[in-house]
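Each remark here refers to the structure printed beneath this line.
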Amino acid sequence: MIRIELGAWSAMLAHAAEAYPDECCGTMLGDQSEATKLVRRAIPLDNVVSGPRRTRYEIRPEDLLKADRLARNEGLSVVGIYHSHPDCDAYFSATDLKNSCPWYSFLVLSMRGGKFDHANCWLPDAGQTKAELEEVVWQES
C-alpha cells in the first residue's frame with residue numbers, strides 16, 4: 001500500500017495540470033515500512049523525452065540522482081515515480097513497464113481536459129514482465 005500526504009498529492013496534481021496536454025513526471029519521496037510506503041513530498045522533474053510529450057516521458061538520470069540525494073538529506077528515500085496520462089486512463093503501458101524499476105512504485109495520474117480524473121499505482125516485477133496494482137490512498141483537502 002502507498003499513502004500520499006496532502007502536500008505531495010496537491011503538488012503532483014498541480015504539476016500534471018500545468019504540464020497538460022503533455023505528460024509530467026516526478027519523484028515521490030517518503031518513508032517505507034514492510035507494508036506501507038508514505039509519500040511526504042513530490043518533486044517535479046523535467047520531461048526530457050525527445051519527441052511528442054503527450055504520450056511519453058523520460059527522466060534524466062542525473063535528475064533522479066539529485067532527487068535521491070535530496071531525499072537522503074531529509075531522512076527520506078525515493079519511494080516511487082509519478083507521471084500523468086493526458087486524456088486517457090491511468091494504466092501502466094508497455095513502455096512504462098520496459099523503463100520501470102522493481103524497487104519503485106509507479107503512480108499514474110489520469111488527466112482529462114487538464115483536470116484530475118483518477119489514479120492507479122503499479123509495482124513492476126524484477127524482470128519487468130508485468131506490474132501489479134498497488135493500493136493507493138491519498139489525502140484531499
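The values are calculated or read from the model by the stated rules, or taken from the named source; none is laboratory data. Because the structure is predicted, anything quoted here is derived from the model rather than measured. Note that we place each Cβ from the backbone using ideal geometry, even for glycine, and neighbour counts take in every protein chain shown.
No other residue among ALA67, ALA90, ALA94 is within 15 Å of ALA16 (Cβ to Cβ) and either at pLDDT below 95 or under 14 Å from the mean Cα position of the chain (by Cα) (or both) apart from ALA90. For region 101-120, name all the residues that are over 11 Å from the mean Cα position of the chain (by Cα) and in a loop (DSSP other than H, G, I, E, B). Correct list: CYS101, PRO102, TRP103, GLY113, GLY114.
If we only count strands (runs of 3 or more DSSP E) wholly inside region 1-96, which ones have 3 or more residues that are in contact (Cβ under 8 Å) with a residue 24 or more places away in the chain and buried (at least 19 other Cβ atoms within 10 Å of the Cβ)?
Working: elements: 2-4, 25-32, 37-45, 77-86.
Per the criteria, 25-32, 37-45, 77-86.
Take the conditions closer than 20 Å to TRP122 by Cβ, polar (S, T, N, Q) and in contact with a helix residue (DSSP H, G or I) (Cβ under 6 Å, 6 or more places away or on another chain) and apply them to SER77. Does it pass? Here the answer is yes, as SER77 does meet what is asked. Condition check: closer than 15 Å to ILE2 by Cα, in contact with a helix residue (DSSP H, G or I) (Cβ under 8 Å, 6 or more places away or on another chain) and among the aromatic types (Phe, Trp, Tyr). Does TRP103 satisfy that? Judged against the criteria, TRP103 is not a match. Could you list, in sequence order, all residues of region 120-141 that are among the polar types (S, T, N, Q), out of contact with any helix residue (DSSP H, G or I) (no Cβ under 7 Å at 6 or more places or on another chain) and either modelled with pLDDT of 95 or more or surrounded by 10 or more Cβ atoms within 10 Å (Cβ to Cβ) (or both)? Listed by number, the list holds a single entry, ASN120.
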